[in-house]
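Colleague: Submitted below is the structure of interest, expressed as C-alpha cells.
Rule-based calculations on the coordinates, nothing more; no lab input. Since the structure is predicted, the reported quantities are computational estimates derived from the model, not experimental observations. Counting neighbours? That spans all protein chains shown, and the Cβs are built from the backbone with ideal geometry, glycine included.
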2 protein chains.
Amino acid sequence: MALHSTLAALSLATVSDENALPTKTVIFKPKTAKTAVPVPVVVFALHSTQTPSGAIAKAAGVKEPRLAKDDLIQEFFNVSSQEVSIAHFDKSLAGKIKIVLDQKIASANDDEILEISTVSEKAQLTAGQIKGFLKQTGIELIETDFSAEVVKEASPAPAGDSKKDQLKKEKEAAKLEDAKLIGITVDKAKDFSNWYSQVVVKGEMLDYYDVSGCYILRPNSYAVWEEIQDWFNIEIKKLGVQNSYFPMFVSAKVLEKEKDHIEGFAPEVAWVTRAGSSELDEHIAIRPTSETVMYPYYAKWIRSHRDLPLKLNQWNSVVRWEFKHPQPFLRTREFLWQEGHTAHLTKDEATTEVTQILDLYARIYEELLAVPVVKGKKTENEKFAGGDYTTTVEGFIAATGRGIQGATSHHLGQNFSKMFNIAVENPDGSDKPKVFAYQNSWGLSTRVIGVMVMTHSDNKGLVLPPRVAQTQAVVIPVGVTKNSSEADRTAINGGAADIEKRLKHAGIRATSDFRDIYTSGWKFADWELKGTPLRLEFGPKDLAQEQVTAVRRDNNQKYTVKLGELESRIAEILQEMQVGLLEKARKDFDTHRVIVEDWKDFVPTLNAKNVILAPWCGDADCEDEIKDASSKKDDGEDEDVDEKAPSMGAKSLCIPDAQPALKADQKCVRCDKKAVTYCMFGRSY
Amino acid sequence: MALHSTLAALSLATVSDENALPTKTVIFKPKTAKTAVPVPVVVFALHSTQTPSGAIAKAAGVKEPRLAKDDLIQEFFNVSSQEVSIAHFDKSLAGKIKIVLDQKIASANDDEILEISTVSEKAQLTAGQIKGFLKQTGIELIETDFSAEVVKEASPAPAGDSKKDQLKKEKEAAKLEDAKLIGITVDKAKDFSNWYSQVVVKGEMLDYYDVSGCYILRPNSYAVWEEIQDWFNIEIKKLGVQNSYFPMFVSAKVLEKEKDHIEGFAPEVAWVTRAGSSELDEHIAIRPTSETVMYPYYAKWIRSHRDLPLKLNQWNSVVRWEFKHPQPFLRTREFLWQEGHTAHLTKDEATTEVTQILDLYARIYEELLAVPVVKGKKTENEKFAGGDYTTTVEGFIAATGRGIQGATSHHLGQNFSKMFNIAVENPDGSDKPKVFAYQNSWGLSTRVIGVMVMTHSDNKGLVLPPRVAQTQAVVIPVGVTKNSSEADRTAINGGAADIEKRLKHAGIRATSDFRDIYTSGWKFADWELKGTPLRLEFGPKDLAQEQVTAVRRDNNQKYTVKLGELESRIAEILQEMQVGLLEKARKDFDTHRVIVEDWKDFVPTLNAKNVILAPWCGDADCEDEIKDASSKKDDGEDEDVDEKAPSMGAKSLCIPDAQPALKADQKCVRCDKKAVTYCMFGRSY
C-alpha cells in the first residue's frame, strides 16, 4: 500500500470518487554533458493530455528529454518507475528537479477530484490539495498548455491563421466529443498516433501493460481473433492441415542452426537464464517463430514419402523483443499468431499451397475485416530470411498514407529440409538420390486487428465490421423520462428486451442497455466508442408504430425497421454495412495507389499520403537507393510515437500479382535500367 | 552436420533404411568420492529397451549412476549432451569410461540396420559396423540383458517361480505385440511408467522435446484439447464469461505482491534476464499463473458496482520450472490450460460460480473424456495459496492405485481484492464502507489428456473416447489379395470409400486406409495403437451381404452393420462405447475407493492400490501425520521414473461432496479426536 501510506504520511487526505480525472506522472532525463548532474523533468498532467517531448523540451528549456531509466528514478525518488508519483516529492528535491505542470491541472477548480496512480494503486485527491502540496515542496513549477503545443507540432498553422485561431478551430473540432467523460479527444486526421491509442484503449480493445511492449487483449478485440480462428481453422482443415502445439522454449543450439534465418531474429530473442533461484546451465530462448523448434521433429517423423505431406499449424504466442517504439497490435514484444509449417514431396505441391494460404489471408482481411489488400510477392531484400520466396498481402492506412504488411506465406524451398535433414527415400527407387522435402511456412498475427481499427474507426471511436464484432447490435430504450408513466416504461423496456431476444434467437449477437443512470445520449456515445455496428432505438413512437429505428455506426444512416421483419432486415443491414465498409476502404486504397513513372513525382506522391506503383528494374541496390532518396526529415508525425517515422523512406511493399501493362521500353522509375516489373513502394508500418 | 561428418571421419559408412532400429546413447556418472576421477558409464541400447539405473549399476559394478551433466560430457567427449553419440568414442577413452551394451545389439545380426541419433541428426549403420567400431576403441564393453533386469525390478518373482520361468512368462506376454515394428513392448500392469511413455509417443499424442520437461502436443492430442475448448467455451459464455489474453510476462514487483500466493510459485518461476545481447534492467518472469498479472487491471477497470461481475477467461500456456521428474501431460514445465478469473459484488454470487465451474469440469471428465471423478473440497493444507477455499475434481488411476487432481475451482474471497484494491463504492450509499470484490479463479489443463490416456488405454496402445477422438472410425478394406480380380478390388475399395464418405456426411469423423504396402493385420495394429474408437472392415463377404463389420477398440466387440442403416448404427455404437468406457472406469474407481475406519487397515488398503475414504478430525497436523505414517520405502515403481514415488505417503485428496453418513461417536482414523467428516486419502500424482 505504498501510495496510500505515503499520502497518509504527508497528511494528504484522499477522497473516493469514481469520476475522478486520472493523471500521469512521467519522469524525463534531458540530454546533458556526461559529467553534468542531470536535472530530471517531471511531467504531471491529466492522463488524457498528450505530452510530446518537443513540448516538454520547450517548456523546461532542456534538450531532447527522454524517458528516465529506473536507476535515475531510484536515485532521485528512492522508488521504482512503476511506483513513482508526486507523493514522492519533497523539499529535498527543490533545485534538483523541475516539474512541468499541465495547465489543465493548474487551472482546475480546487474542488475537482484528480486521481493519482501507480501501476497497482490509485488514490483520489482534490486539485486544491495537490496544488498546495506541490507548491510547498519549493520545486520549480512550470505551467504548460500542452494542447497549444500539440496542435502546433501536429500541423503547422496555415499562413493566414494566427496561432489563436488555429487553437480555437482545434478546440471546436474536439468539442464534438464529451472528452472529459468518455470520448476520443483528438482528431484522426490531425494526430493519428494519439487517436489510435485512444481508440484502442477507450474502445476496450486493449490496455497498456506494465511490461513495455506488451498489451492486454480485452474481450472486444479477442472476440475478433476468435472469429478469425474459427473461420481459418475450418478452411485449413479442408486443406488437410492439423493443429498442434510445440513448446515455447528452444535451446540455443537448435535456434541457431539455420544461420540466415537466425540472423534476422537474434537481436530480438528473449532468453530465460534462471529458474527460481537456480541459474540454468544452458540458456533457453523463447521462440521468435518456430521453424527451428519444429523441423528437427519433422526430420524424425518423416520417414517415407508416405509421411508426406505433413501439414501442421499452431495458434500460439511468440516473442520478439524489439527495441523500437512499440505500438498496440502492430509492434508488440509478445504477440498472438498462427504459424503453419508444411512439408511436401514436390515443389509444385508446396507452391500451390503457398498461394492457397495467401488467398485465405486475403479473405480474412476482405471478407471478415472489410479491409482491402493487394496480393503480391516480396522482393529479395524483403523476403523471409532462409526461405526461397515470400508472398504477402499488403494493406494501406489512408489516414497516414502508409502501407502495412498484412500476413505472409513463405515457400522455404529445400533450405531448411537440407539443414535439418528432412528427407525421404526417392519414390522412384532407392538407387536414386534421396529427396529433401519442399517446405512452406505461413503466419497471420493479431496485427490484423490493428489494421482493421486504423482503417474503419473514426473520431467517435471504434468501428467494428459486423462479421467480427463481439456485439453486432445494441438495443437502447429511448424517450423514457421521469414523467413517463410506469405502463409506458414497462412497455418500452419490455419491447426492447423482446427485440434483443428475437435477434439472439436469429443468431445475431445482440445486447441491450437498460442502465437507468445514463441518458440515451450518453449510451449512444458509449456504444459508438466501443464500435458496435448497429444501434437500435426503441421509443414511444416505435412502440406505437410497431417498428424500431436502426442506426449504422459507420455512416449514421437511419433505417426504420418494421418489427414484423425484424430479423431479416437487421441481418440485411448488417450485411450492407459489412459490404459498405469494404467498398469505402477499397476506394481509399485504390485512389491512393498511384502509378508513378518519373522519379520527380515519386516523393511528392508519397508526401501526398499515397503508396506508389512504379516500374522497377528489380535490382536490390536500386531498391535501397529508392529508400534513401525518398526519406525525409519530417513527415508531420510526432517523433515520440514512432522514432522511425521522421526519416522513413519508401520500402518496396510487394510486387503485386495484378500488374499494370509494362511498356516495351519502360525504364525503372529510379535508374536507367530497363524495368522488369511494377513494384509497390510506400512508407510503411 | 556434426554426426554425419564425425562418422565420415571415422570411415563409417551410413546406409538409408527407414525401418532402422533406433538406438540411444546415455551417459551416466556413478557416485564416487569427490576426490576420485569419475568413470562415466555409457549405456548404448535400443531405444525401446528400458534401462533402469539399478540394472546399470549392477552391470557396471558402480553405485547410484545418475544422468551425467553437460560439463562432464564436454570434458570426456568434447561435445554437448545433445550431440553425443558413440561416434565420439575413440581409443583415448579406453580405461576412462565403460560401455554397457544392450544384449539386443550385441546379439543382432551384422546386417541389421541400427540408427544412431543426436537431437537434430540421425544416421543408419549396420550392426556389424557399429560393433566392429566399438571393439576397436578398446573401451571396456559390458553386455547386459536389460529385459531380465527390468522384469526382476518390476515384480519380484513369486517364490515358486525360477527367474527363468518368470522371464519366459514376461516374454510370452510381450509377444502379443509386434514390438519391433510398431507396438507397445511392455505391460501396463507390470511397468506402468514405461507403458505410459510408449503409449503417448507411439500413439502419436506427444513427442519428447530437447528442452527437458517440455513436450510436443501432436494433432492426435491437440484435437482432444480443441474438443474440450469448444465445449467449455460454449458453457462459460452461457455464464457470461468472456475470453481475453493477458501477457505472458510479469514484472518481479507485481508477481511478488501477494505474499502467500507467490511463496507457492517462487521456486519454479522462469526468469527472462536478457534480450538479444542486452541484459534487461529489470528481470521479467514468465507467468506461473495470472492472478497478479490480471488483478492490477481489474482494479483499474472496476470503478463502480455496475462494472461487476467481471468474468474473464484465457486459454494460454504457463510455465512452472519444476525440478521434479517431468511426466508427459501430468507434470510439464510449460503447459496449456484455461484460467478463469472473476470478480463479484457478493460472496454468494461468487461461491455459486465456484460450484458451477466445478460441475463443468466434472462434465468434461465424465461426458467428454469418459473419466469418472469425485467432486470435493481441498483441505486447508492442500488449498490454493492465497485463496479462501479450493474445490476440486479428483480422478483415479486404477493401474497404479493412485489418485490424481483433475482440475480446481477456487474461491479467493477478498484476499486479492484487498491486496490489489479491487473495490467499488458501496451500492447502499457512499457513506457506507467501500466493498472489496469477491473473486474466483479456476483452471483446467492439458493434464486431463494424461488422465484420459492412463484410464482407458491398454497394451495395444491408446484408447480414445469417441467424443474427443480426432478420428472416430477408420474404414479398412480387407480380403483383397494378390489373387483378387481387378473388379473385386475396385468394388471393395469403392465400397470402403463410399462408407467413409457417407459417415463424414453424417458428421462422423471418419477416414479410410488404402495403403497397399501394408497387410490388413498391420493396419489394424497401427490404428489400434493410435486409439481410433471404431475399425470398420469391408471385405468380399461384406460387399456381397451389403454390410460392414465394426470392431470396437476398447473391448474388441464386433458388430455387423447393414449398409442401409450405416450412419445411425455407427453413431449408436460410438455412443455405446463412450458410455461403456465411463461405466468401466467408474466401476474401477468405485471398487477402489474403500472406506477405512481403523488405522491398521489404512496402509494395507493403500498398498492394494486403493484410495481411502476415512473419517477424519479435520486437523492439519493429523493430516501430516497420516502422510508420514503411510509412506513406505518401496511401492514397486522404478525410482528413475518418479523419484517422489518410493517414499510417498497418502495425501488428503479431497473432502468429497458426497459423504457417507458419519456415526455420532466416530473417531478420526488416525488420532483420538472426534471425526468431523470423511476425507479421501491416497497416494497421488
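Colleague: Consider a paramagnetic label point 7 Å from the Cα of B:Glu268 along Cα→Cβ; state which residues of region B:298-334 have an amide N under 18 Å from it.
Modeller: B:316-334, by backbone N distance to the label point.
Colleague: Can you tell me the dipole magnitude for the protein assembly as shown around its Cα centre, using point charges on the Cβ only (Lys, Arg +1; Asp, Glu -1), in Debye to the nearest 20?
Modeller: So the dipole magnitude of the protein assembly as shown works out to roughly 80 debye.
Colleague: For the protein assembly as shown, just run the numbers: alpha carbon Rg, then divide by 2.2 N^0.38 Å, N being how many residues it has.
Modeller: Relative to the 2.2 N^0.38 Å estimate, the protein assembly as shown comes out at 1.00.
Colleague: Can you give the mean number of other chain Cβ atoms that lie within 10 Å of the Cβ atoms in peptide A:292-305?
Modeller: 3
Colleague: Gap in Å between the Cα centre of region B:246-304 and the Cα centre of region B:74-153?
Modeller: What the calculation gives is 46 Å, centre to centre.
Colleague: I would also like to ask the following. At 7 Å along the Cα-to-beta-carbon direction for both A:Glu576 and B:Asp657, put a label point, then send me their distance in nm to one decimal.
Modeller: My value for the distance between the label points is 5.0 nm.
Colleague: So, in nm, how far is label B:Ser485 from label A:Arg586 when the simple model puts each one 7 Å beyond its Cα toward the Cβ?
Modeller: 5.8
Colleague: May I ask you to give the average projected area over all directions of the convex hull of the Cα atoms of region A:502-561, in nm² rounded to one decimal?
Modeller: 4.6
Colleague: Multiplying the sequence separation of B:Thr352 and B:Asp110 by 0.36 nm and subtracting their Cα-Cα distance, what value in nm do you get?
Modeller: 80.2 nm
Colleague: Tell me, in nm to one decimal, what length is gained between A:Lys674 and A:His47 on full extension, where the rule is 0.36 nm per residue of separation less the Cα-Cα distance?
Modeller: The span from A:Lys674 to A:His47 would gain 220.2 nm if fully extended.
Colleague: Using alpha-carbon positions, what is the distance between the centroids of region B:561-610 and region B:358-433, in Å?
Modeller: 26
Colleague: Provide Rg and Dmax in Å for region A:246-376, with only Cα atoms included in the calculation.
Modeller: 17.5, 52
Colleague: What's the local net charge at A:His505, with K and R +1, D and E -1, over the other residues with C-beta under 13 Å away?
Modeller: Neighbourhood net charge equals +1.
Colleague: Note down the magnitude of the dipole of region A:218-319 about its Cα centre, charges +1 on Lys and Arg C-beta and -1 on Asp and Glu C-beta and zero elsewhere, to the nearest 20 debye.
Modeller: 420
Colleague: Here's a follow-up. Using 20 Å as the cut-off for backbone N distance, which residues of region A:533-555 belong to the label zone defined by a point 7 Å from the Cα of A:Ala497 along Cα→Cβ?
Modeller: Taking a point 7 Å out along Cα→Cβ of A:Ala497, the residues of region A:533-555 whose backbone N falls under 20 Å are A:536-544, A:546-549.
Colleague: Right, here's the next one. In degrees between 0 and 90, to the nearest 10, how far off the longest principal axis of chain B does helix B:291-301 point, with axes built from Cα atoms?
Modeller: Rounded to the nearest ten degrees, it is 40.
Colleague: Convex hull over the alpha-carbon atoms of chain A: what's its volume per residue in Å³?
Modeller: 216
Colleague: Still on this model: Taking chain A as the reference, fit the longest principal axis to its C-alpha atoms, fit the long axis of helix A:620-629 to the helix C-alpha atoms, and give the angle between the two in degrees, 0 to 90, nearest 10.
Modeller: 20
Colleague: If we count every other residue with Cβ under 11 angstrom of A:Gly276's Cβ, Lys/Arg +1 and Asp/Glu -1, where does the sum land?
Modeller: Within the 11 Å Cβ shell, the charges total -1.
Colleague: In addition: Using just the helices of the protein assembly as shown, give the 222 nm mean residue ellipticity in deg cm²/dmol: DSSP H runs with n ≥ 4 each add -39,500 (n - 2.57), and the total is spread over all residues, rounded to 500.
Modeller: Taken over the protein assembly as shown, the calculation gives -10000 deg cm²/dmol.
Colleague: Continuing with the same structure: Among B:Ala496, B:His341, B:Ala68, pick out the residue whose Cα is farthest towards the positive end of the charge dipole of chain B, where Lys and Arg carry +1 and Asp and Glu carry -1 on C-beta, about the Cα centre.
Modeller: B:Ala68
Colleague: What's the angle, to the nearest 10 degrees (0 to 90), between helix B:566-591's Cα axis and the longest principal axis of chain B?
Modeller: The helix B:566-591 is inclined about 70 degrees to chain B.
Colleague: Provide a whole-number value for the mean count of partner chain Cβ atoms within 10 Å of the Cβ atoms in peptide B:214-223.
Modeller: For this peptide, the per-residue mean of nearby foreign Cβ atoms is 6.
Colleague: Relative contact order of region A:403-562: what whole-number percent is it, with Cα pairs under 8 angstrom and at least 6 residues apart?
Modeller: It comes to 21 percent, rounded to a whole number.
Colleague: Can you tell me the length gained on complete extension of the stretch A:Lys432 to A:Lys96, counting 0.36 nm per residue apart and subtracting the Cα distance?
Modeller: Length gained between A:Lys432 and A:Lys96: 113.1 nm.
Colleague: Sort shortest first the distances from A:Asp348 to its counterpart in every other copy, using label points 7 Å along the Cα-to-beta-carbon line, and give them in nm.
Modeller: Distances to the matching label points in the other copies: 7.2 nm.
Colleague: Antiparallel DSSP bridges in chain B: what percent, to the nearest 5?
Modeller: Roughly 75 percent of the DSSP beta bridges within chain B come out antiparallel.
Colleague: Give me the one-decimal nm value for the distance between modelled label points at A:Tyr208 and B:Lys259, 7 Å along each residue's Cα-to-Cβ direction.
Modeller: Rounded to a tenth, the inter-label distance reads 3.2 nm.
Colleague: Where Lys and Arg each count +1 and Asp and Glu each count -1, what net charge lies around B:Ile116 among other residues with Cβ under 11 Å from its Cβ?
Modeller: Around B:Ile116, the surrounding residues sum to 0.
Colleague: Can you tell me, using C-alpha contacts under 8 Å and at least 6 residues apart, the relative contact order of chain B as a whole percent?
Modeller: RCO, chain B: 10 percent.
Colleague: Need one number: % antiparallel among DSSP beta bridges in the protein assembly as shown, to the nearest 5.
Modeller: Percent antiparallel among DSSP bridges in the protein assembly as shown is about 75.
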